[in-house]
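To keep things clear, I will list the structure first and then write my remarks on it.
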Amino acid sequence: MWKIPTFVRERAFGENEDHPECRAIKAALRREIEALCDAGVIRYLTGAAAGVDMWCGEIVLELIAEGRDIALIAVVPFRTQDAKWSAKNKKRYAAILEKCSKVLVLSEDFHKDCYLERNTYLVEHAKYILAMPDYSDQSGSGTRQTISLAKKNGNTLIYASAKDQAAS
């Protein structure tokens, strides 16, 4: 297993990235990713989903642009996953994939287990899982599923907290 993290998330709020909570989430994610870089982590996996996965990908790419010797690998569940996304998110997604060190597309087409397969791949190929679960959501979300898989697999879970950032 590589000494790498992957990112899992809950979608907190649409595309309103000016929302104070969103800014706090991004600051918390950056703080955790920088700490991983400082600890010697050089490869990062993203599930390439809209929301926190993309934000983490963008943070890693910003750190690369700032001179960090790290790599971003996108693990895409199926080739056309962005087909129903907003134009804004499609553009961001394409820009992230273009700058990744590697893009792994796990399936050509959507199928009922494609997200589970992506989440399992992430857990099996990462040492660390950087998560921002929404504990108010009691549904069986993909984030909760990935955290459960990670616990069973023995991954190190890192819970990023926006509350710490909002208070500072």
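The residues on offer are ALA83, ALA48, and the sole one that is within 13 Å of the chain's Cα centre (by Cα) and in a loop (DSSP other than H, G, I, E, B) is ALA48.
Okay, residues lined up against (1) modelled with pLDDT of 90 or more; (2) of a type in the set (Val, Ile, Thr); (3) touching a helix residue (DSSP H, G or I) at 6+ places or on another chain (Cβ under 8 Å); (4) not in a helix (DSSP H, G or I):
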{"residue": "GLU17", "(1), (2), (3), (4)": "no, no, yes, yes"}
{"residue": "ARG31", "(1), (2), (3), (4)": "yes, no, yes, no"}
{"residue": "LEU36", "(1), (2), (3), (4)": "yes, no, no, no"}
{"residue": "GLY40", "(1), (2), (3), (4)": "yes, no, no, yes"}
{"residue": "CYS56", "(1), (2), (3), (4)": "yes, no, yes, no"}
{"residue": "LEU61", "(1), (2), (3), (4)": "yes, no, yes, no"}
{"residue": "ASP69", "(1), (2), (3), (4)": "yes, no, no, yes"}
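Close contacts from region 16-42, counting a first residue that is over 16 Å from GLU66 (Cβ atoms) and without any contact (Cβ under 8 Å) to a residue 60 or more places away in the chain and a second that is among the hydrophobic types (A, V, I, L, M, F, W, C) and surrounded by fewer than 16 Cβ atoms within 10 Å (Cβ to Cβ), with Cβ to Cβ under 6 Å and a gap of 6+ residues or different chains, come to HIS19/PHE13. Do you know which residues across region 84-95 are of a type in the set (Lys, Arg) and surrounded by 13 or more Cβ atoms within 10 Å (Cβ to Cβ)? Of everything in region 84-95, those that are of a type in the set (Lys, Arg) and surrounded by 13 or more Cβ atoms within 10 Å (Cβ to Cβ) turn out to be LYS90, ARG92. Quick check on region 98-117. Is at least one of its residues polar (S, T, N, Q) and closer than 17 Å to MET54 by Cβ? Among the residues of region 98-117, at least one is polar (S, T, N, Q) and closer than 17 Å to MET54 by Cβ, which makes the answer yes. Could you go through region 96-111 and let me know if any residue there is modelled with pLDDT under 95, outside any helix (DSSP H, G or I), surrounded by fewer than 19 Cβ atoms within 10 Å (Cβ to Cβ) and of a type outside the set (S, T, N, Q). Looking through region 96-111, none of the residues is modelled with pLDDT under 95, outside any helix (DSSP H, G or I), surrounded by fewer than 19 Cβ atoms within 10 Å (Cβ to Cβ) and of a type outside the set (S, T, N, Q). Close Cβ contacts (under 6 Å, 6 or more residues apart or on different chains) running from residues in region 89-118 that are without any contact (Cβ under 8 Å) to a residue 24 or more places away in the chain to residues that are surrounded by 12 or more Cβ atoms within 10 Å (Cβ to Cβ) comprise LYS90/ASP82. Screening HIS125 on (1) crowded, with 16+ Cβ neighbours inside 10 Å; (2) within 17 Å of TRP55 (Cβ to Cβ) shows it passes everything except condition (2).
The values are calculated or read from the model by the stated rules, or taken from the named source; none is laboratory data. Here the structure is a predicted model, which means the values were calculated and not measured. Counting neighbours? That spans all protein chains shown, and the Cβs are built from the backbone with ideal geometry, glycine included.
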